[in-house]
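Here is the structure we will look at.
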Amino acid sequence: MSKKQVFAILMLTLALVISACAPNTPAEPTQPAQQEETQAPETAPSEEAAPAETEAPAEPVTIQFFYPVAVDAPIADIIKGYIADFEAENPNITVEPVFSGGYGDTYTAIMTAIDGGAEPPAVAVLLGTALYDLINADAIIPLDAYLDQMPDKDAYLNDFFPAFLENSTYDGSIWSLPFQRSTVVLYYNADLFREAGLEPPNSWQSWGEAAQALTVKDGDTVTRWGLEYPSGWPYWLFQPLAIGSGQNIVGESDTEVYFDHPDVIEAVQFYIDLSHVYGAMPEGVQGVWGQAPTDFASGQTAMIVHSSGSLRGILEQADFEVGVMPLPGQEPDTYASVPGGGNLYIFKGASPEQQDAAWKFIEFLTRPEYAADFSIQTGYIASRQSAYETEAMQAYVQEVPQALATRDILQYAGRELSVQNLGEVRNIFHNYLQQAYNGEMTPEEAMAAAQQEADAALADFR
Amino acid sequence: MAKRTWNRRALGQTTLTLLTWALGLLWIVPLLWAITASLRPLNEPIQRGDVWFGTTLSIESYTKALSLAPFGLYFKNTVIIVLMILGVQLITITLAGFAFANYRFRGQKVFLFLILLQLMIPTAALLVPNFATIRWLNLYDTRLAIAIPYFGSAFGTFLMRQAFLEVPQDLVDAGVLDGCSWWQLLWHVYLPPSIPTLTAFMLSSVAWHWNEFLWPLIVTKSDAARPLTAGLVRFTQLGEIGAQWSLLSAATLLVAAPLLVVFLIFQRRFIESFLHSGLK
Amino acid sequence: MTTRRSSVGVKALPYFLILPTLAFVSLFTIWPTLNAIYLSFFKQRLNIARFREPTFIGWENYINLFHDPTFLKVLKNTLIYVVGTVPLSIVVAFLMAWLVNQPLRGRGWTRLFFFHPTVLPMVSAATIWMFFLTPDYGLFNTTLAWLGYHGPQNWTGNPNLALFGVMLVAFWKNAGYYMIFYLAGLQNLPHEVFEAAQLDGANLLQQLRYITFPLLRRTTLFVSTIAFIGAFQTIDHIFVLTQGGPSNASNVLLYYLWQIRFENQDVGRASAVTVILILVLLVFTVSNVWLSERREESQYG
């Protein structure tokens, strides 16, 4: 029995060892500590070359760069190309790009990673409007220390389009710099407008009428819509309607919203009228964000409201002349839009060396030539005015005048919704806006309820 | 009279056959569509009234999908995760099932109850506290993090216990008389007749964990540990995919194909082992 | 030493044998359950620095939840989802099993057709269905239109349809899985009983009503239990198809839980939702077993 006993214990230990250790071995290469090791061979050759090229060979540092993809453009490939250029210039820095879905997904992924105890990204592209949430979460650092070291700080900052810098300052500091910036635009099929003898719309009424005229029906079923208004980013796509109606949904302070203002309610009503009065748009909440450009490019709808960042993808797919303009306002010859898109942030959890490397990367990405290239390749508006003076951009706008049109839309842009506790306020607004779109509540009821809940959500921050 | 009954029966059979086939085809339509859509040339978007075939068959959707996301890496991760879970589960459930079937010990019922709690409180519902545990174990963004919550399986333990209980007492007694040690008894007496149950459990474990999505999405941040399912969802979120259904279908099938093919090859045994196991 | 079947081994052996399972189950089922209960009485929000440390607030998370129209909507949706998908899947699963258990031509193929969604990942299934549910040219809609339906078509964007859309996908995916268990049950039924019944002149419906259903009661209990639990724990298709929208019309408990924890980073509230989810699961499974046993008693008692 005693012999058996010993053997039994041996077997058990073995079983436990297997069950505890077997999974460990294959999983190891993915553990953060190991990651740097696996990258070592890649950086090694450039490290050797480094001393020859740069005067001050620095310790190798690896930073993670989280970015979202929200438009129809090969962002992942473009980013990889920039990283390669950057690494060639800075042989001691390795940038590891991490794609995590759209803006919301990327924000969630970063917060989850920080929360999970993983190394946070050193730098990330997140919505410009995420500023207050990121500061409240104590997740990011101000960029002043880096900016102050720049010899041409003021010239650098003044070169960004002011509309894009609006979300960067808080408490006297600058926390982010614009990167992939866009505006809400109206894409229209210029060929169809010409065939129908229509001018691009200049007011709500002419917009509705044009959309109505371009809607094609086969018996009861619609074979081409006049207009599609996708369901992604409801607050953002709605804002130009509110601004065009006379009242933006957000004020100048970080705790003020105007959801129940009569002009805002009128704007909701106009959205509903586009399907109910003009019969020119699918009813209620519509198809998903990513689908609208394909629908437009394949001729299933004559107009879409979308991000200027989708310009490149649409131009590539469409075999007709694509018109780009701001959204018409309520009164004749008024127009409206709203800026959007992502800024670059540096994260607090990264080491000082990583933060320094992240700043170098930000400086690199915001160079006029890269801002221009990014705009050319995607359709995003270049973040800096000097980007439009680069040779590449000059040549491009000759060929694709729409790229200048998206930039010029900026002059009609109001302030994007950005307040404290944004995640919750945005969800509240979306919830009621969609209920109004879908006819579950009247616009008045919905906006009153939205205002009430948003006020409660903002109360802690006033 | 006899002939009429026969006719009626034949008619009934025909009706049933037609009904079964109609329902069956209804069920397979989504897969068939996905296959044809994935073979459509990329530059022929799907439109009203033209949803089945493009002008030619083309595999460019597959090559494009493979170039846009590291499906090979996702596949490797999935295989490792699934095998890791399966390997550990086979050991844990066999040992525990054996203990509960072969022995009577103090606290047996309490322990069995504690383990069976997992049947009523599925791991998916506990993602919030389990995420904290993963953090505490310092496992975030590893394949082990995806696998470890499933190492102990109440379902498997229970199945193995039931299968072992069906082993005839005579066999057990004979084994004991022969002087078998406990592991010999387990290996030579209990396990052989329980293989169908074990196979069925293996199949359901593999199918379940191959297809799991939410938990892997939460505990991974990078491609290095991401399995196929989470990779597919990230892929569909690439803005440039939009409504390119051929590309989406190709990616979907790339993710579904390995298990689907294995299932097609072994489908008879797959279903048989379900039929003959304790899974009823 | 008390033994049941054999006394091979040492006295401590059974404890060692169950130790690995018990350890993992404790770490990933029992401890987290207790932890969730504990944390549900605290306010802890990771995205607001001053609320990052947990503070005890008693029942406030629960009180807030039950005053929140969104949460109440989510509860209602969950109920509709479970009650809508589970019985229907089970009935259709039985029908499928019964059909493919008949000596039909090509039943191997039809079995395969019914069962294949089981091995498809839910995210793949949902991605395919995303196309079927697309307005205008989606196949589901064109088929419906062909059948004479002219109602609203946006199965993922319309608040009255979105929940139905995700339920449809779950139903399609699960029925074939449950079919397997019924098929196993049907094949294990004693043939003699049916032959005797046929001699007695019992027709098909009578056979089903008085022999098949009662004999398959245990199978039904098993299938309904896994179906109930499955309905609560699979939300992958909601992730792909609707993200719970529009206006939370297709949001259910587990998806809501994910949003609260990982989008809003509200650990306290998410813990309270976890506790409620566990309670709802227990109520469903226990009452399911209880109902089934009572029916069995009334049948034979």
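Here are the numbers for this structure:
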item: Matching entry among A:459, A:413, A:454, A:449 (being small (Gly, Ala, Ser), surrounded by fewer than 22 Cβ atoms within 10 Å (Cβ to Cβ) and modelled with pLDDT of 90 or more); result: A:449
item: Subset of region A:278-298 (residues that are modelled with pLDDT of 90 or more and in contact with a Gly (Cβ under 7 Å, 6 or more places away or on another chain)); result: A:278, A:280, A:281
item: Candidate set: region A:223-249, residues that are buried (at least 20 other Cβ atoms within 10 Å of the Cβ) and in a strand (DSSP E or B); chosen: the one nearest to the chain's Cα centre (by Cα); result: A:228
item: Residue identified as at the interface with chain C (Cβ under 9 Å from one of its Cβ atoms), without any contact (Cβ under 8 Å) to a residue 60 or more places away in the chain and out of contact with any strand residue (DSSP E or B) (no Cβ under 7 Å at 6 or more places or on another chain) among B:168, B:149, B:129; result: B:129
item: Boolean, residue A:76 is at the interface with chain B (Cβ under 8 Å from one of its Cβ atoms) and in contact with a strand residue (DSSP E or B) (Cβ under 8 Å, 6 or more places away or on another chain); result: yes
item: Residue match in region B:35-50 (condition: β-branched (Val, Ile, Thr), within 30 Å of residue A:222 (Cβ to Cβ) and under 29 Å from the mean Cα position of the chain (by Cα)); result: yes
item: Candidate set from region A:69-84 (those that are at pLDDT 95 or above and not small (Gly, Ala, Ser)); member that is farthest from residue A:295 (Cα to Cα); result: A:83
item: Any hit, region A:158-167, residues being in contact with a Phe, Trp or Tyr (Cβ under 6 Å, 6 or more places away or on another chain) and surrounded by 19 or more Cβ atoms within 10 Å (Cβ to Cβ); result: no
item: Within region C:206-301, helices (runs of 4 or more DSSP H) holding 3 or more residues that are without any contact (Cβ under 8 Å) to a residue 60 or more places away in the chain, of a type in the set (S, T, N, Q) and more than 12 Å from chain B (Cβ to nearest Cβ); result: none
item: All positions within region C:92-139 that are of a type outside the set (Asp, Glu), at the interface with chain B (Cβ under 7 Å from one of its Cβ atoms) and over 25 Å from residue B:262 (Cβ atoms); result: C:99, C:102, C:104, C:105, C:131, C:132, C:137, C:139
item: Filtered residue count, region A:96-118, keeping only those that are free of Cβ contacts under 8 Å to residues at least 60 places away in the same chain, more than 8 Å from chain B (Cβ to nearest Cβ) and aromatic (Phe, Trp, Tyr); result: 1
item: Yes/no for residue C:82 being modelled with pLDDT of 90 or more and either out of contact with any strand residue (DSSP E or B) (no Cβ under 8 Å at 6 or more places or on another chain) or closer than 19 Å to residue C:186 by Cα (or both); result: yes
item: Selection status of residue C:110, part of a helix (DSSP H, G or I) and either β-branched (Val, Ile, Thr) or within 30 Å of residue A:223 (Cα to Cα) (or both); result: yes
item: Spans of helices (runs of 4 or more DSSP H) in region A:358-451 with at least 3 residues more than 28 Å from residue A:323 (Cα to Cα) and in contact with a strand residue (DSSP E or B) (Cβ under 9 Å, 6 or more places away or on another chain); result: A:422-437
item: Helices (runs of 4 or more DSSP H) wholly inside region A:72-159 containing at least 3 residues that are outside the structural domain of residue A:426 (by TED's automatic domain parsing) and of a type in the set (Ser, Thr, Tyr); result: A:103-115
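The values are calculated or read from the model by the stated rules, or taken from the named source; none is laboratory data. Predicted, not measured: the structure shown is a model, and the values here were computed from it. Neighbour counts run over all protein chains shown; Cβ positions are idealised from the backbone, glycine included.
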